[in-house]
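Below is one structure, written out as C-alpha coordinates; the observations come after it.
The values are calculated or read from the model by the stated rules, or taken from the named source; none is laboratory data. Since this is a predicted model, take the numbers as computed values, not measurements. Here Cβ is always computed from backbone atoms with ideal geometry, including for glycine, and neighbour counts include all displayed protein chains. Each accessible area value is taken on the protein alone, full model and side chains, heavy atoms only, with ligands, DNA and RNA left out. Shrake-Rupley method; radii C 1.70, N 1.55, O 1.52, S 1.80 Å.
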Amino acid sequence: ISGSSSVASMKKVVQQLQLEAGLNSVKVSQAAADLKQFSLQNAQHDPLLTGVSSSTNPFRPQKVCSFL
Amino acid sequence: MATEALHENETLASLKSEAENLKGKLEEERAKLHDVELHQVAERVEALGQFVMKTRRTLKGHGNKVLCMDWCKDKRRIVSSSQDGKVIVWDSFTTNKEHAVTMPCTWVMACAYAPSGCAIACGGLDNKCSVYPLTFDKNENMAAKKKSVAMHTNYLSACSFTNSDMQGCDKKAMVWDMRSGQCVQAFETHESDINSVRYYPSGDAFASGSDDATCRLYDLRADREVAIYSKESIIFGASSVDFSLSGRLLFAGYNDYTINVWDVLKGSRVSILFGHENRVSTLRVSPDGTAFCSGSWDHTLRVWA
(Lines give C-alpha, C1' and ligand atoms only; values in the text may rest on other atoms or scores of the structure.)
Protein backbone atom coordinates (compact mmCIF):
# COMPACT_ATOMS: atom_id res chain seq x y z
CA ILE A 1 0.00 0.00 0.00
CA SER A 2 1.24 3.55 -0.56
CA GLY A 3 1.84 3.93 3.19
CA SER A 4 4.59 1.32 3.40
CA SER A 5 6.35 2.46 0.24
CA SER A 6 6.53 6.04 1.54
CA VAL A 7 8.10 4.69 4.73
CA ALA A 8 10.55 2.61 2.71
CA SER A 9 11.59 5.51 0.50
CA MET A 10 11.80 7.84 3.51
CA LYS A 11 14.07 5.33 5.22
CA LYS A 12 16.37 5.46 2.19
CA VAL A 13 16.46 9.25 2.34
CA VAL A 14 17.39 9.15 6.04
CA GLN A 15 20.07 6.51 5.42
CA GLN A 16 21.57 8.61 2.64
CA LEU A 17 21.61 11.72 4.83
CA GLN A 18 23.23 9.76 7.66
CA LEU A 19 25.92 8.67 5.20
CA GLU A 20 26.56 12.23 4.07
CA ALA A 21 26.50 13.60 7.62
CA GLY A 22 29.14 11.06 8.62
CA LEU A 23 31.74 12.47 6.21
CA ASN A 24 34.78 14.10 7.72
CA SER A 25 35.27 17.30 5.78
CA VAL A 26 38.14 19.76 5.78
CA LYS A 27 37.95 23.52 6.09
CA VAL A 28 37.55 25.48 2.89
CA SER A 29 40.74 27.41 3.66
CA GLN A 30 42.68 24.14 3.62
CA ALA A 31 40.91 22.69 0.57
CA ALA A 32 41.26 25.97 -1.34
CA ALA A 33 44.96 26.20 -0.47
CA ASP A 34 45.46 22.70 -1.89
CA LEU A 35 43.64 23.57 -5.12
CA LYS A 36 45.75 26.70 -5.46
CA GLN A 37 48.96 24.78 -4.86
CA PHE A 38 48.06 22.09 -7.39
CA SER A 39 47.35 24.64 -10.13
CA LEU A 40 50.47 26.69 -9.45
CA GLN A 41 52.69 23.61 -9.29
CA ASN A 42 51.41 22.30 -12.60
CA ALA A 43 51.19 25.66 -14.36
CA GLN A 44 54.36 25.24 -16.38
CA HIS A 45 53.07 21.94 -17.79
CA ASP A 46 49.84 23.51 -19.00
CA PRO A 47 50.24 24.47 -22.69
CA LEU A 48 46.96 26.37 -22.92
CA LEU A 49 47.99 28.42 -19.90
CA THR A 50 51.58 29.17 -20.79
CA GLY A 51 51.07 29.38 -24.50
CA VAL A 52 53.19 27.13 -26.67
CA SER A 53 55.31 28.25 -29.56
CA SER A 54 54.20 27.50 -33.10
CA SER A 55 57.01 25.05 -33.60
CA THR A 56 55.85 22.75 -30.81
CA ASN A 57 52.08 23.15 -30.96
CA PRO A 58 50.76 21.22 -33.94
CA PHE A 59 47.67 23.38 -34.04
CA ARG A 60 49.40 26.72 -34.20
CA PRO A 61 50.29 27.96 -37.65
CA GLN A 62 53.85 27.20 -38.60
CA LYS A 63 56.18 29.38 -40.54
CA VAL A 64 55.15 29.27 -44.13
CA CYS A 65 57.54 27.84 -46.67
CA SER A 66 57.43 29.29 -50.11
CA PHE A 67 58.76 27.97 -53.34
CA LEU A 68 61.57 29.99 -54.78
CA MET B 1 -6.04 -2.13 9.80
CA ALA B 2 -6.48 1.11 11.62
CA THR B 3 -3.75 0.48 14.18
CA GLU B 4 -1.29 -0.56 11.46
CA ALA B 5 -2.02 2.57 9.45
CA LEU B 6 -1.52 4.69 12.57
CA HIS B 7 1.82 2.98 13.21
CA GLU B 8 2.86 3.63 9.58
CA ASN B 9 2.04 7.32 9.90
CA GLU B 10 4.04 7.65 13.12
CA THR B 11 7.01 5.97 11.49
CA LEU B 12 6.73 8.19 8.43
CA ALA B 13 6.46 11.33 10.56
CA SER B 14 9.43 10.36 12.74
CA LEU B 15 11.51 9.52 9.66
CA LYS B 16 10.62 12.87 8.11
CA SER B 17 11.66 14.75 11.21
CA GLU B 18 14.89 12.74 11.40
CA ALA B 19 15.58 13.67 7.77
CA GLU B 20 14.99 17.34 8.53
CA ASN B 21 17.32 17.15 11.54
CA LEU B 22 20.05 15.53 9.48
CA LYS B 23 19.69 18.11 6.71
CA GLY B 24 19.97 20.89 9.31
CA LYS B 25 23.04 19.24 10.81
CA LEU B 26 24.67 18.92 7.40
CA GLU B 27 24.08 22.61 6.68
CA GLU B 28 25.50 23.56 10.08
CA GLU B 29 28.63 21.48 9.57
CA ARG B 30 29.14 22.83 6.05
CA ALA B 31 28.74 26.40 7.34
CA LYS B 32 31.30 25.84 10.12
CA LEU B 33 33.94 24.80 7.61
CA HIS B 34 33.19 27.73 5.35
CA ASP B 35 35.85 30.00 6.74
CA VAL B 36 36.96 31.55 3.48
CA GLU B 37 36.28 31.71 -0.28
CA LEU B 38 38.64 30.28 -2.90
CA HIS B 39 39.25 33.65 -4.55
CA GLN B 40 40.32 35.09 -1.19
CA VAL B 41 42.90 32.34 -0.79
CA ALA B 42 44.07 33.16 -4.31
CA GLU B 43 44.23 36.93 -3.79
CA ARG B 44 48.00 37.16 -3.97
CA VAL B 45 48.32 34.78 -6.92
CA GLU B 46 49.60 36.59 -9.99
CA ALA B 47 46.81 37.52 -12.36
CA LEU B 48 46.80 35.87 -15.76
CA GLY B 49 47.81 37.90 -18.78
CA GLN B 50 45.96 38.33 -22.02
CA PHE B 51 45.11 35.14 -23.81
CA VAL B 52 45.39 34.76 -27.54
CA MET B 53 43.31 31.76 -28.42
CA LYS B 54 41.92 31.35 -31.88
CA THR B 55 40.16 28.79 -33.95
CA ARG B 56 42.98 26.80 -35.55
CA ARG B 57 40.87 24.18 -37.30
CA THR B 58 37.22 24.01 -38.31
CA LEU B 59 35.82 20.56 -38.89
CA LYS B 60 32.94 20.67 -41.33
CA GLY B 61 30.96 17.71 -42.48
CA HIS B 62 28.06 17.06 -40.17
CA GLY B 63 24.66 17.76 -41.63
CA ASN B 64 23.08 18.82 -38.37
CA LYS B 65 23.80 19.88 -34.77
CA VAL B 66 26.97 18.46 -33.26
CA LEU B 67 25.94 16.97 -29.93
CA CYS B 68 29.05 15.34 -28.52
CA MET B 69 32.76 14.91 -29.11
CA ASP B 70 35.74 13.18 -27.57
CA TRP B 71 39.50 13.15 -28.14
CA CYS B 72 41.54 10.07 -28.88
CA LYS B 73 44.54 9.47 -26.60
CA ASP B 74 46.78 10.14 -29.60
CA LYS B 75 45.90 13.85 -29.14
CA ARG B 76 44.94 14.30 -32.75
CA ARG B 77 41.94 12.20 -33.57
CA ILE B 78 38.48 13.34 -32.60
CA VAL B 79 35.17 11.49 -32.67
CA SER B 80 31.99 13.54 -32.97
CA SER B 81 28.32 12.68 -33.15
CA SER B 82 25.41 14.62 -34.49
CA GLN B 83 21.67 14.95 -34.77
CA ASP B 84 22.12 13.87 -38.38
CA GLY B 85 22.68 10.35 -37.08
CA LYS B 86 26.34 10.25 -38.07
CA VAL B 87 29.42 9.56 -36.01
CA ILE B 88 32.61 10.87 -37.63
CA VAL B 89 36.23 10.28 -36.70
CA TRP B 90 38.46 13.20 -37.75
CA ASP B 91 42.17 13.77 -37.95
CA SER B 92 42.19 17.21 -36.36
CA PHE B 93 45.65 18.09 -37.70
CA THR B 94 44.58 17.70 -41.35
CA THR B 95 40.78 18.02 -40.82
CA ASN B 96 40.34 14.85 -42.86
CA LYS B 97 37.49 12.52 -42.02
CA GLU B 98 38.89 9.08 -41.36
CA HIS B 99 35.73 7.15 -40.56
CA ALA B 100 32.03 7.81 -40.74
CA VAL B 101 29.27 5.64 -39.40
CA THR B 102 25.58 6.19 -39.87
CA MET B 103 23.61 5.25 -36.80
CA PRO B 104 20.15 3.78 -37.15
CA CYS B 105 18.75 6.76 -35.25
CA THR B 106 19.12 10.50 -35.31
CA TRP B 107 20.19 12.48 -32.22
CA VAL B 108 23.40 10.61 -31.47
CA MET B 109 23.90 12.37 -28.19
CA ALA B 110 26.96 10.62 -26.88
CA CYS B 111 30.21 9.39 -28.28
CA ALA B 112 33.54 8.42 -26.80
CA TYR B 113 36.95 7.26 -28.00
CA ALA B 114 38.40 4.07 -26.54
CA PRO B 115 41.68 4.56 -24.66
CA SER B 116 43.27 2.09 -27.08
CA GLY B 117 42.28 4.31 -29.99
CA CYS B 118 40.88 1.27 -31.73
CA ALA B 119 37.20 1.76 -31.17
CA ILE B 120 34.49 4.32 -30.53
CA ALA B 121 31.30 4.06 -28.54
CA CYS B 122 28.15 6.00 -29.24
CA GLY B 123 24.46 6.07 -28.61
CA GLY B 124 21.40 8.20 -28.44
CA LEU B 125 17.72 7.80 -29.15
CA ASP B 126 18.25 4.14 -29.97
CA ASN B 127 18.61 3.59 -26.17
CA LYS B 128 21.76 1.61 -26.80
CA CYS B 129 25.45 2.07 -26.40
CA SER B 130 27.21 0.56 -29.39
CA VAL B 131 30.93 0.02 -29.83
CA TYR B 132 32.45 0.19 -33.30
CA PRO B 133 35.97 -1.10 -33.87
CA LEU B 134 37.86 1.30 -36.11
CA THR B 135 39.28 -0.22 -39.21
CA PHE B 136 41.24 1.29 -42.05
CA ASP B 137 40.48 -1.60 -44.35
CA LYS B 138 38.30 -0.11 -47.07
CA ASN B 139 36.74 -3.49 -47.67
CA GLU B 140 35.43 -3.75 -44.16
CA ASN B 141 32.05 -2.35 -43.34
CA MET B 142 32.32 -0.64 -39.99
CA ALA B 143 28.64 -0.87 -39.29
CA ALA B 144 28.74 -4.63 -39.74
CA LYS B 145 31.26 -5.01 -36.93
CA LYS B 146 29.36 -3.03 -34.34
CA LYS B 147 28.61 -4.51 -30.95
CA SER B 148 25.89 -3.43 -28.62
CA VAL B 149 27.22 -3.16 -25.12
CA ALA B 150 24.32 -1.74 -23.18
CA MET B 151 20.58 -1.46 -23.44
CA HIS B 152 18.99 1.39 -21.56
CA THR B 153 15.36 2.10 -20.92
CA ASN B 154 15.70 5.57 -22.31
CA TYR B 155 18.02 7.56 -24.53
CA LEU B 156 21.76 7.50 -23.98
CA SER B 157 22.98 10.95 -23.02
CA ALA B 158 26.59 10.22 -22.13
CA CYS B 159 29.10 7.42 -22.44
CA SER B 160 32.71 7.08 -21.51
CA PHE B 161 35.27 4.30 -21.59
CA THR B 162 36.54 4.94 -18.10
CA ASN B 163 34.20 4.61 -15.16
CA SER B 164 32.46 7.93 -15.08
CA ASP B 165 32.19 8.77 -11.43
CA MET B 166 29.84 11.65 -11.66
CA GLN B 167 26.46 12.56 -12.82
CA GLY B 168 24.74 15.88 -13.08
CA CYS B 169 21.06 15.32 -12.77
CA ASP B 170 18.69 18.21 -12.61
CA LYS B 171 20.03 20.81 -10.19
CA LYS B 172 21.94 18.26 -8.15
CA ALA B 173 25.45 17.07 -8.77
CA MET B 174 26.07 13.65 -7.26
CA VAL B 175 29.32 11.84 -6.69
CA TRP B 176 29.07 8.03 -6.81
CA ASP B 177 31.32 5.30 -5.49
CA MET B 178 31.45 2.92 -8.44
CA ARG B 179 32.34 -0.05 -6.27
CA SER B 180 29.42 0.21 -3.89
CA GLY B 181 27.04 1.91 -6.28
CA GLN B 182 26.29 4.46 -3.58
CA CYS B 183 25.99 8.18 -3.85
CA VAL B 184 28.58 9.52 -1.42
CA GLN B 185 28.12 13.27 -1.83
CA ALA B 186 25.46 15.52 -3.28
CA PHE B 187 25.53 19.21 -4.05
CA GLU B 188 22.50 21.30 -4.82
CA THR B 189 23.41 24.97 -5.22
CA HIS B 190 22.67 25.54 -8.90
CA GLU B 191 19.39 27.23 -9.63
CA SER B 192 18.67 25.23 -12.74
CA ASP B 193 19.59 22.05 -14.59
CA ILE B 194 23.25 21.06 -14.64
CA ASN B 195 24.39 20.25 -18.17
CA SER B 196 27.97 19.24 -17.66
CA VAL B 197 30.35 18.17 -14.90
CA ARG B 198 34.10 17.63 -15.06
CA TYR B 199 36.71 16.66 -12.45
CA TYR B 200 39.46 19.11 -11.54
CA PRO B 201 42.79 17.47 -12.56
CA SER B 202 43.78 16.62 -8.96
CA GLY B 203 40.49 14.77 -8.49
CA ASP B 204 39.69 16.72 -5.33
CA ALA B 205 37.10 18.96 -6.94
CA PHE B 206 34.80 19.26 -9.92
CA ALA B 207 33.22 21.98 -12.02
CA SER B 208 29.67 22.14 -13.28
CA GLY B 209 27.95 24.14 -16.01
CA SER B 210 24.26 24.94 -15.70
CA ASP B 211 21.23 26.45 -17.37
CA ASP B 212 21.34 29.09 -14.63
CA ALA B 213 24.19 30.72 -16.64
CA THR B 214 26.82 29.95 -14.01
CA CYS B 215 29.63 27.47 -13.64
CA ARG B 216 30.56 26.39 -10.14
CA LEU B 217 33.45 24.64 -8.46
CA TYR B 218 32.78 22.09 -5.72
CA ASP B 219 35.56 20.80 -3.49
CA LEU B 220 34.97 17.16 -2.50
CA ARG B 221 37.04 17.31 0.69
CA ALA B 222 35.44 20.52 1.96
CA ASP B 223 32.12 19.06 0.79
CA ARG B 224 30.83 22.36 -0.56
CA GLU B 225 30.74 24.85 -3.39
CA VAL B 226 33.91 26.96 -3.28
CA ALA B 227 33.56 29.22 -6.30
CA ILE B 228 30.96 30.59 -8.73
CA TYR B 229 31.92 31.70 -12.24
CA SER B 230 29.33 34.17 -13.43
CA LYS B 231 28.79 37.63 -14.80
CA GLU B 232 25.66 39.75 -15.03
CA SER B 233 26.18 39.93 -18.78
CA ILE B 234 26.11 36.15 -19.12
CA ILE B 235 22.48 35.12 -19.18
CA PHE B 236 22.52 31.96 -21.27
CA GLY B 237 23.13 28.49 -19.94
CA ALA B 238 26.53 26.82 -19.92
CA SER B 239 26.32 23.52 -21.78
CA SER B 240 29.79 22.05 -21.34
CA VAL B 241 32.90 22.62 -19.25
CA ASP B 242 36.46 21.34 -19.12
CA PHE B 243 39.69 22.24 -17.31
CA SER B 244 43.11 22.99 -18.75
CA LEU B 245 45.82 20.54 -17.61
CA SER B 246 46.80 22.42 -14.44
CA GLY B 247 43.21 23.22 -13.58
CA ARG B 248 43.94 26.94 -13.61
CA LEU B 249 41.66 27.58 -16.59
CA LEU B 250 38.04 26.50 -17.00
CA PHE B 251 36.68 26.53 -20.53
CA ALA B 252 32.90 26.73 -20.75
CA GLY B 253 30.68 26.61 -23.82
CA TYR B 254 27.42 28.52 -23.69
CA ASN B 255 24.05 28.64 -25.41
CA ASP B 256 24.80 32.21 -26.55
CA TYR B 257 27.34 30.72 -29.00
CA THR B 258 30.40 31.85 -27.01
CA ILE B 259 33.11 30.15 -25.00
CA ASN B 260 34.19 31.86 -21.79
CA VAL B 261 37.59 31.14 -20.27
CA TRP B 262 37.67 31.50 -16.48
CA ASP B 263 40.56 31.85 -14.02
CA VAL B 264 39.54 29.02 -11.69
CA LEU B 265 41.42 30.41 -8.67
CA LYS B 266 40.50 34.07 -8.92
CA GLY B 267 36.98 33.59 -10.22
CA SER B 268 37.37 36.10 -13.05
CA ARG B 269 36.86 35.68 -16.75
CA VAL B 270 40.10 35.90 -18.71
CA SER B 271 38.81 35.57 -22.23
CA ILE B 272 35.69 35.26 -24.35
CA LEU B 273 35.90 33.37 -27.64
CA PHE B 274 33.63 34.00 -30.57
CA GLY B 275 33.31 31.92 -33.70
CA HIS B 276 30.47 29.48 -33.46
CA GLU B 277 27.24 30.48 -35.14
CA ASN B 278 24.95 28.60 -32.81
CA ARG B 279 24.95 27.02 -29.36
CA VAL B 280 28.11 25.37 -28.16
CA SER B 281 26.99 21.90 -27.16
CA THR B 282 30.18 20.06 -26.24
CA LEU B 283 33.75 20.96 -25.27
CA ARG B 284 36.85 18.93 -24.39
CA VAL B 285 40.48 19.79 -23.80
CA SER B 286 42.91 17.56 -25.72
CA PRO B 287 44.75 14.83 -23.75
CA ASP B 288 48.05 16.72 -23.81
CA GLY B 289 46.40 20.06 -23.12
CA THR B 290 47.70 21.80 -26.24
CA ALA B 291 44.25 22.62 -27.57
CA PHE B 292 40.57 22.20 -26.93
CA CYS B 293 37.74 21.31 -29.25
CA SER B 294 34.19 22.66 -29.22
CA GLY B 295 31.17 21.26 -31.03
CA SER B 296 28.14 23.33 -31.90
CA TRP B 297 24.59 23.34 -33.20
CA ASP B 298 26.11 25.22 -36.16
CA HIS B 299 27.13 21.74 -37.48
CA THR B 300 30.85 22.35 -37.00
CA LEU B 301 33.62 21.58 -34.56
CA ARG B 302 36.41 24.05 -33.86
CA VAL B 303 39.85 23.32 -32.46
CA TRP B 304 41.23 26.24 -30.46
CA ALA B 305 44.80 26.88 -29.34
Going by average Cβ neighbours within 10 Å, how do the peptides B:68-77, A:12-21 rank, with the highest at the top? B:68-77, A:12-21
Which three numbers, in whole Å and largest first, are the semi-axes of the equivalent ellipsoid of chain B derived from its Cα gyration tensor as √(5λ)? 36, 28, 16
³J(HN,Hα) across segment A:9-16 via Karplus (A = 6.51, B = -1.76, C = 1.60, θ = phi - 60°), whole Hz, x for Gly/Pro? 6, 5, 4, 5, 4, 4, 4, 4
Quick check: at a probe of 1.4 Å, how many percent of the accessible area of chain B sits on carbon and sulfur atoms? 48 percent
Residue-wise HN-Hα coupling along segment B:96-107, computed from phi with Karplus coefficients 6.51, -1.76, 1.60 (Hz; x: Gly, Pro): 6, 8, 9, 9, 9, 10, 9, 7, x, 9, 8, 6
√(5λ) per eigenvalue of the Cα gyration tensor, the protein assembly as shown, largest first, Å: 39, 29, 16
Accessible surface buried upon A-B contact (total; probe 1.4 Å; Å², nearest 100): 4300 Å²
Counting pairwise Cα distances across segment B:205-268, what percent come out greater than 15 angstrom? 44 percent
With the 8 Å Cα cutoff and a minimum separation of six or more residues, chain B has a relative contact order in percent of 16 percent
Report, in whole Å, the centroid distance computed from the Cα atoms of segment B:88-112 and segment B:203-246. 28 Å
Average accessible surface area per residue within the protein assembly as shown, 1.4 Å rolling probe, Å²: 50 Å²
At 222 nm, what value in deg cm²/dmol follows for chain B if DSSP H runs of at least 4 each add -39500 (n - 2.57) and the sum is divided by all its residues, to the nearest 500? -4000 deg cm²/dmol
Would you pull out the residues with amide H under 5 Å of residue B:76's amide H, same chain only if 5 or more places away, H placed 1.01 Å from N? none
Can you pull the accessible area of residue B:113 for me, 1.4 Å probe, Å² to the nearest 10? 10 Å²
How many Cβ atoms of partner chains, on average, are near each residue of B:195-204 if near means within 10 Å of its Cβ? 2
Solvent-accessible area lost in complex, 30 Å² minimum, residues of segment B:34-48 relative to chain alone, 1.4 Å: B:35, B:36, B:38, B:41, B:45
Does anyone have the angle between helix B:2-33 and the longest principal axis of chain B? Alpha-carbon axes, 0 to 90°, nearest 10? 70 degrees
Taking every residue in A:47-58, how many Cβ atoms of other protein chains lie within 10 Å of its Cβ, on average? 6
Residues with amide H under 5 Å from that of residue B:68, placed H, sequence gap 5 or more: B:81
